[in-house]
Amino acid sequence: MRSFADFGNDLYTGKRSIDFVGRQKTWYTVSLILLVLAAIGLFGRGLNIGLEFRGGSEFRVSSVTNFNSFEARSKAAVGTLSTGSDVVVTKIGTDTVRVQTEKFQNSQTEKVMAALAREFNVSENKITANTVGASWGASVTQKAITALIWFLVLVSLVLATYFRTWKMSMAALIALAHDLVITIGIYALAGFEVTPASVIGFLTILGYSLYDTVVVFDKVRENTMAAEGNGRLSYSQAANQAVNQTLVRSINTSVVALLPVASILVIGSWLLGPGTLLDLSLALFVGISVGTYSSIFIATPVLADLREREPAMQELKKRATRYQAAQGRKTSTVPSDSDSADTNGTNDSDLLETARVPSGAGSTAAGRPVHPYVQTGPRNQPKRPPKSKR
Amino acid sequence: MAINPHNRGPLRTLSVLVLLIVGLCGLLGAVSTWGTAQKTPKLGLDLQGGTQLILEPKVVGNTPINPGQVQKAVDIIRARVDGSGVSEAEVSTQGNNIVISLPGTPDKATIASLQKPSQLSMRAVLVAASTAPTPVPTSTGKPTAPATGKPTAPATAPSVKSTGTATTAPKSGFPPALTAATTPPPTPTPTTAATPTATPTTAAKPKSASDLAWVTPELEKALATLNCADPKSIEKLVDDPTKPMVTCDNEFPVKYILGPTEVLGSEISNATSGQVQGQNGPTGKNEVRLDFNGPGTKSFCDVTSRIVSLPRPRNQFGIVLDNQVISAPVAQASLCAGTASITGNFTPASAKILADQLKFGALPMSFALQTQDSISPTLGGDQLSRGLLAGAIGLLLVVAYSLFQYRALGLVTVSSLIIAGLLTYGLVTMFGWSQGFRLTMAGVTGLIVSIGIVADSFILYFERVRDEVRDGRALRAAVETGWTRARRTILISDAVNFLAALVLYALAASNVRGFAFTLMLTTIIDIVVVFLFTHPLLSILANTKFFGEGHKWSGLDPKRLGARTTTYAGRGRVTIAAQRAAAAEGNQS
């Protein structure tokens with residue numbers, strides 16, 4: 001704990017700084033490898049599509065006591081009524097058998113239920129039947145895609161308005177796409193079943209991934225605004241400082257968000273078996289982890305790369321280099337202590353006003369901008385009007 | 001005890017929250033004590049057990065179904081579900097599909113009756129009878145109100161609707177109207193047995209659809225025993241187009257024996273409602289206009305020509321939808337022009353309802369079963385209890401982690417989470433009562449997931465405050481500046497989250513909706529709690545000695561947070577944080 005707080009302090013002051021933005025090539029490579037793996041999983045192995053998307057019948061027999069060769073027994077029970085070619089039997093939790101079959105008609109369903117009840121020696125009300133048409137899953141997916149498109153459009157607009165630059169929207173969306181592809185790739189590679197609940201989970205990841213990115217970006221906005229004002233840090237350095245300063249928050253938040261999800265995941269896989277709860281929590285667990293990663297390692301470097309190309313940012317970089325050289329410090333380290341004292345929200349605008357004026361007009365030999373008052377000579381004292389005029 | 005002036009603002013904010021919670025609890029208590037609400041959230045099917053059926057309405061002839069027809073289909077299904085006598089059933093749409101949620105497991109017959117195709121038909125009325133219960137003989141002698149009231153009731157009730165035929169003068173060229181009569185049975189005799197006076201011999205073969213020879217003793221018996229007050233018995237009626245049927249009027253206390261089907265719903269090409277046009281413009285009376293297609297014109301012409309001269313009630317024909325007579329107008333002429341209008345004591349709304357029923361009922365709709373999902377109550381209960389267990393464990397872990405990370409500040413997180421939980425419980429229960437919101441497994445998952453997002457607001461806030469303390473601010477100032485900075489971030493990130501949930505809610509299927517709804521709800525609650533509870537609480541705590549001086553266990557210890565040793569404190573003074581902290585420590589030991 002002690003060390004974690006110190007870690008946070010060091011990150012904040014810049015004593016310790018992890019170069020998230022500068023080493024973007026490393027993170028991009030890591031992500032590229034992950035994306036390629038995801039693509040291989042997606043196109044090579046393919047997704048394990050759930051019953052809801054294929055169409056079919058599902059039976060769950062609960063309170064089963066005798067699990068000896070339950071697969072063969074359930075296949076035999078179902079086989080009396082169908083070809084039995086694609087019957088999938090799984091054991092769920094401690095006492096439940098799930099049998100997935102082709103789609104049965106209503107009357108057949110009841111016969112299958114009766115047969116299963118006989119086979120496993122349970123009463124028929126311990127068996128639940130679930131018949132799904134193939135179009136149901138398709139309609140869910142179609143709606144999910146519509147929702148996705150709407151969401152992306154709306155969110156880009158909101159973010160572009162809030163941050164006053166479309167580049168933040170774009171970087172956030174790149175991170176989002178990255179998260180989504182990797183999550184789905186993990187599903188394909190691990191062979192997790194994709195159900196409508198997983199689709200809900202994927203959609204939630206969108207929200208969470210953006211949420212996390214927005215929190216980091218808000219700090220980036222704050223720091224870069226100060227940097228643009230005092231010209232002591234380049235955009236990338238300011239952004240990197242922001243990521244470092246929010247790192248403790250990111251870690252804490254992810255842990256807090258993951259703890260309940262993980263507890264559902266454990267309870268779900270241990271006691272409940274496949275179902276809405278497990279599918280959702282699995283998607284969320286993977287998604288939140290990837291989302292935290294991307295908001296730190298992908299979103300901010302991408303944003304910095306996008307912004308650094310702007311002429312104004314190039315100018316800022318030059319100013320920062322001059323300043324840092326003048327300070328006699330290495331350019332690579334973030335100047336500590338002295339800069340962060342001024343960066344509170346209330347002063348930002350003042351700094352921006354006062355510091356921008358001299359950037360072209362007056363500067364010392366070292367290239368340090370001069371305070372406006374220095375240029376205009378001694379400060380004028382307020383004059384009192386003569387007594388007669390008061 | 002005097003209130004610290006610094007605490008006045010925060011205390012006022014806190015009292016707003018207290019008011020809010022007390023109000024919510026009070027309202028909940030009131031509606032559950034005197035109203036229909038329950039004290040716990042309503043549970044969805046997957047938690048309390050039951051069956052969900054998804055039906056896809058199909059119009060015969062592969063025409064794509066439009067939203068108006070879907071709505072009509074929902075009305076039909078709703079009427080059927082109500083008729084099947086299942087309580088607590090819910091019917092909703094999901095795109096073009098209809099979702100029926102039933103508690104328990106319905107038998108095959110119920111499902112089949114829900115699925116059967118809907119068809120509108122017109123049949124000639126053979127016998128009409130009052131549904132008023134046969135008066136008990138002893139009561140007839142007494143001139144008291146209840147005794148006399150009963151036999152007269154059927155006579156007075158329908159007369160509200162029947163109009164003088166003379167006033168329904170239609171526009172020239174428009175065929176003379178039918179009155180939406182459903183006029184009282186010819187003789188409002190209190191005993192139903194008296195009505196079918198002409199008891200035909202069963203052997204006689206009916207010559208036309210209006211021939212009383214259709215009325216067999218069995219039908220009479222069925223008519224006498226038919227109880228129109230019981231939707232279940234209406235549901236059981238058989239609508240066979242080639243045979244006469246016994247049925248009830250859905251509005252008036254009248255029951256009928258109807259002849260075989262003569263005009264099919266599919267033979268009505270259009271139905272509209274509007275005001276009757278007199279010589280001087282609209283007369284203020286409403287009518288329903290009908291257009292028939294080719295075969296419809298002919299059969300309708302045949303029916304009206306035949307029954308127009310018959311005595312009442314046989315000059316009426318019943319329009320039957322889903323086993324019930326929705327209107328039984330009297331034919332006033334033989335109508336062979338392919339159009340007709342039904343007049344009567346309609347309001348604009350009731351005329352429109354009838355026109356819609358005729359128009360959409362004209363489309364024979366069938367319902368294909370898409371999915372049937374049954375969950376046994378024990379399984380649902382297991383899911384709920386284990387889901388709650390998972391949530392409790394998750395919450396406990398979050399509490400442990402935040403205490404570990406933030407020491408005493410962690411307690412602020414915990415109490416904020418408790419307040420958030422209280423509000424969520426109250427609101428979910430309220431929505432269950434007012435909007436019929438049901439908590440499903442997906443909803444519970446949404447709630448558990450939201451623990452992380454709600455807790456994040458606190459973490460964000462605390463981290464900002466810590467940042468300010470690191471900059472050397474005194475705690476009270478750090479709380480205020482940290483708050484102004486954290487507030488922006490909390491608002492924008494919650495806005496994004498809310499947007500995600502809103503889009504999900506607006507566009508997604510029904511079981512996704514529960515999830516999206518809880519996410520939306522908790523996002524709003526998050527903002528409410530942070531603004532009305534966490535921030536004022538922290539402001540008050542900042543004025544206490546324990547937090548304000550940065551006790552070792554407060555989580556805001558300047559020394560531990562590495563606050564810079566000297567800070568400019570304004571007016572030429574300098575604060576030395578480490579010294580101050582050391583002094584505080586020295587004082588305590």
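Annotations
- Filtered residue count, the range B:491-504, keeping only those that are in contact (Cβ under 8 Å) with a residue 24 or more places away in the chain, among the aliphatic types (A, V, I, L, M) and at the interface with another protein chain (Cβ under 9 Å from one of its Cβ atoms): 0
- Residue in the range B:264-278 that is under 14 Å from B:Ile342 (Cβ atoms), more than 38 Å from the chain's Cα centre (by Cα), of a type outside the set (D, E, K, R) and assigned by TED's automatic domain parsing to the domain that holds B:Pro217 present: no
- Qualifying position, being away from chain B (no Cβ under 14 Å), farther than 16 Å from A:Ile296 by Cα and in contact with a Phe, Trp or Tyr (Cβ under 9 Å, 6 or more places away or on another chain), among A:Gly56, A:Gly41, A:Gly46: A:Gly41
- Condition check for A:Arg232: within 14 Å of chain B (Cβ to nearest Cβ), closer than 25 Å to A:Arg309 by Cβ and among the basic types (Lys, Arg): no
Residue-wise test of (1) in a helix (DSSP H, G or I); (2) in the same structural domain as B:Leu409 (by TED's automatic domain parsing); (3) among the acidic types (Asp, Glu); (4) surrounded by 24 or more Cβ atoms within 10 Å (Cβ to Cβ).
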{"site": "B:Arg464", "(1), (2), (3), (4)": "yes, yes, no, yes"}
{"site": "B:Arg473", "(1), (2), (3), (4)": "no, yes, no, no"}
{"site": "B:Ala477", "(1), (2), (3), (4)": "yes, yes, no, no"}
{"site": "B:Arg485", "(1), (2), (3), (4)": "yes, yes, no, no"}
{"site": "B:Leu491", "(1), (2), (3), (4)": "yes, yes, no, no"}
{"site": "B:Asn497", "(1), (2), (3), (4)": "yes, yes, no, yes"}
{"site": "B:Ala500", "(1), (2), (3), (4)": "yes, yes, no, yes"}
{"site": "B:Leu521", "(1), (2), (3), (4)": "yes, yes, no, no"}
{"site": "B:Val529", "(1), (2), (3), (4)": "yes, yes, no, yes"}
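- Pair list, Cβ < 9 Å and 6+ apart or interchain, from the range A:285-303 residues that are away from chain B (no Cβ under 14 Å) to residues that are surrounded by 24 or more Cβ atoms within 10 Å (Cβ to Cβ) and charged (D, E, K, R): A:Val290/A:Asp179; A:Tyr293/A:Asp179; A:Ser294/A:Asp179; A:Ser294/A:Asp212; A:Ile296/A:Asp212; A:Ile298/A:Asp179
- Considering each residue of the range B:434-451 in turn, none proves to be at the interface with chain A (Cβ under 8 Å from one of its Cβ atoms) and either charged (D, E, K, R) or within 30 Å of A:Thr13 (Cβ to Cβ) (or both).
- Criterion (more than 12 Å from chain A (Cβ to nearest Cβ) and farther than 20 Å from B:Leu519 by Cβ) met by exactly one of B:Val412, B:Val428: B:Val412
- Residue list for the range A:244-261, filter: of a type outside the set (Ser, Thr, Tyr), at the interface with chain B (Cβ under 8 Å from one of its Cβ atoms) and without any contact (Cβ under 8 Å) to a residue 60 or more places away in the chain: A:Arg249, A:Asn252, A:Val255, A:Val256, A:Ala257, A:Leu258, A:Leu259, A:Pro260, A:Val261
- Residue among A:Ser198, A:Ser209, A:Ser156 that is without any contact (Cβ under 8 Å) to a residue 60 or more places away in the chain, in a helix (DSSP H, G or I), more than 8 Å from every other protein chain (Cβ to nearest Cβ) and small (Gly, Ala, Ser): A:Ser156
- Tallying residues that are among the hydroxyl-bearing types (Ser, Thr, Tyr), farther than 23 Å from B:Asp356 by Cα and at pLDDT 80 or above within the range B:286-310 yields 1.
- Hits in the range B:467-486 - residues which are more than 10 Å from chain A (Cβ to nearest Cβ) and either of a type in the set (S, T, N, Q) or within 16 Å of B:Asp456 (Cα to Cα) (or both): B:Trp483
- Residue match in the range A:262-273 (condition: facing chain B (nearest Cβ under 7 Å) and at pLDDT 85 or above): yes
- Checklist (1) touching a Lys or Arg at 6+ places or on another chain (Cβ under 6 Å); (2) within 14 Å of chain B (Cβ to nearest Cβ) applied to A:Ala188, failing item: (2)
- Number of positions in the range A:5-19 that are among the polar types (S, T, N, Q), within 14 Å of chain B (Cβ to nearest Cβ) and either surrounded by fewer than 15 Cβ atoms within 10 Å (Cβ to Cβ) or touching a residue at least 24 places away in the same chain (Cβ under 8 Å) (or both): 1
- Of all residues in the range A:20-41, those that are touching a residue at least 24 places away in the same chain (Cβ under 8 Å) have Cβ atoms under 7 Å from Cβ atoms of residues that are part of a helix (DSSP H, G or I) and among the charged types (D, E, K, R), 6 or more apart or on another chain, in A:Gln24/A:Asp305.
- Considering the range A:157-193, the residues that are small (Gly, Ala, Ser) and surrounded by fewer than 17 Cβ atoms within 10 Å (Cβ to Cβ) include one that is nearest to A:Leu51 (Cα to Cα), namely A:Gly191.
The values are calculated or read from the model by the stated rules, or taken from the named source; none is laboratory data. Predicted model only: the values in this text are computed from it and were never measured. Ideal geometry is used to build each Cβ from the backbone, glycine not excepted, and the neighbour counts take in all protein chains shown.
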